[in-house]
Each structure stands twice: as C-alpha cells, then as structure tokens.
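The numbers here are math on the coordinates, done by the rules we state, and not lab data. Quick caveat: nothing in here was measured; it's all calculated off a predicted structure. No Cβ is skipped: glycine too gets one built from the backbone with ideal geometry, and neighbour counts run over all protein chains shown.
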Amino acid sequence: MTTGVRRRMGVEERRQQLIGVALELFSRRSPDEVSIDEIASAAGISRPLVYHYFPGKLSLYEAALKRASDDLAGRFMEPQEGPLGARLLRVMRRFFDFVDEHGPGFAALMRGGPAVSADETRSSGASATNALIDTVRQAAYVQILSHLDLKAEDAPARLELVIRTWISLVESTALIWLDGRRVPRRELEAQLVHDFAALAAVSAAYDEEMAVLLRRMLQQEPVDGPFSDLVTRLISLAS
C-alpha cells in the first residue's frame, strides 16, 4: 500500500486556492461571519500560513471580490445576434445565476464590503470595493451600448441615463429579491427586461434621438419577444 503525499503548492497556486476557498465561504454567509480560522481549516492549512499569503481578512476578501467582480462583469457578455430583448433576458438569467449562487457575498459587495479588524482600514477597504463595483457597472454599460451598435463616446446623453439607471435598478432589485425571494426569479428577470424597454420608451417621449433608437429596437423584436410581451400587457391593462 502506498501512502499519499500532500503536494506542496507554489505561492501563486496557494493564493488562488485561498481566494477560491474564501469566495466559496463568502458565497454561503456574509463575509463578516467568516473567520480566518474557517478559511484556514477549509483550505487545510494553519491560520499563520493564511497570513503568510494575505496580510489580513480584508486583503483576502478584496482578492476574492476581484475574482467575483470579473465573473459578474462577464455575465453581461452576450453575442450580438438576434433581437435585443432576447439578449437582455439571457443576460439577466446569467446575472441572477450569480446572485443566486453568491447571495451573501453579492450583498456584501453591493453594500461596501465586510467589517474589518482594528489593524485594517475600513475606508481603504470600502474604496477598493467601490472601485470594483464601478468596474462591473462600466463593463455592463459598455456591453449594453455594444448591443445598440454604439460606443461610449457616441452615446446620447439620455441613453446613458437610461442604461445607467437600469443597471442601478438591476442591482437594487437583486438585493431586495435576496431578502426573502418573494417574487419568482424568472418573472423578475423578465420584468427587468421590460423595465429597460419602459425606461427607453419614457425617454423617447422627450427626445427624438431616443425615439429613433426605440423604433429600431421594436422593429427587430419578434411577436413572442420580451418587448412585444410588454406592449401586449400594457394594451391589456389599458383596455
């Protein structure tokens, strides 16, 4: 019988392992509730060894947060094929997959990160967290623009307001949904796509450039698409 020998990890490999372990724990509970001892135990190493790779819980949290934010930003990537409504619906499904899988960590991310110990600086932690959130928001903004065949420097002012307002709405809706999950997730995903169309429609009522954009969006929409579904529902309410 042979005896298994634990392979010694390189520095970067061990760091990546700890980030993965921390992210998994932060996904199940608020980072405030996860201790360095738990992370060390889950990784199969000692507490002092965790501090060898990361100076404190905040730095480990920020590294895990960076990985999560990269993942979250990637959820807005979508091939530019087919009508916009269907594309946004697929984006919302991937976004809520992340929210569903990383609920406590997502909530901590959006609310500014975990509490820190006396030897760590709260303000710098919040600043780093906010910078990562802004990176995700900007990536989402650029992706939505790309689906409209526009670059950031060419976006009309009212369109920028619509998209950034919608991204904020998606974030706040996800946070509210996590607190009890009282609305069926699939319905919420569709509603958020409808919200995008509604915001665009209101803006189009005040701006001809937005009106042209909205007409183009609707012309490409099939009769069974999300935007057409919204129009049908509104007509039904009016009648």
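Return the residues of region 96-111 that are surrounded by fewer than 16 Cβ atoms within 10 Å (Cβ to Cβ) and either among the basic types (Lys, Arg) or closer than 11 Å to residue 171 by Cα (or both); say none if nothing qualifies.
Result: 111, single match.
Of all residues in region 186-220, which are surrounded by fewer than 15 Cβ atoms within 10 Å (Cβ to Cβ) and either within 22 Å of the chain's Cα centre (by Cα) or of a type in the set (A, V, I, L, M, F, W, C) (or both)?
186, 187, 202, 205, 212, listed by residue number.
Does residue 135 count as buried (at least 19 other Cβ atoms within 10 Å of the Cβ), of a type outside the set (A, V, I, L, M), touching a residue at least 60 places away in the same chain (Cβ under 8 Å) and farther than 17 Å from residue 94 by Cα?
When the stated conditions are applied, residue 135 does not pass them.
Within region 1-93, which helices (runs of 4 or more DSSP H) (wholly inside it) include 1 or more residues that are within 20 Å of the chain's Cα centre (by Cα) and without any contact (Cβ under 8 Å) to a residue 60 or more places away in the chain?
By residue number, 11-28, 57-74.
Out of all the residues in region 142-164, is one or more under 29 Å from residue 98 (Cα atoms), surrounded by 19 or more Cβ atoms within 10 Å (Cβ to Cβ) and of a type in the set (Asp, Glu)?
The answer is no, given that none of the residues of region 142-164 is under 29 Å from residue 98 (Cα atoms), surrounded by 19 or more Cβ atoms within 10 Å (Cβ to Cβ) and of a type in the set (Asp, Glu).
Report yes if residue 172 is touching a residue at least 60 places away in the same chain (Cβ under 8 Å), over 17 Å from residue 230 (Cβ atoms) and of a type in the set (Ser, Thr, Tyr), otherwise no.
Criteria not met by residue 172.
So how many residues does region 16-67 have that are small (Gly, Ala, Ser) and surrounded by 22 or more Cβ atoms within 10 Å (Cβ to Cβ)?
Adding up the residues that qualify gives 2.
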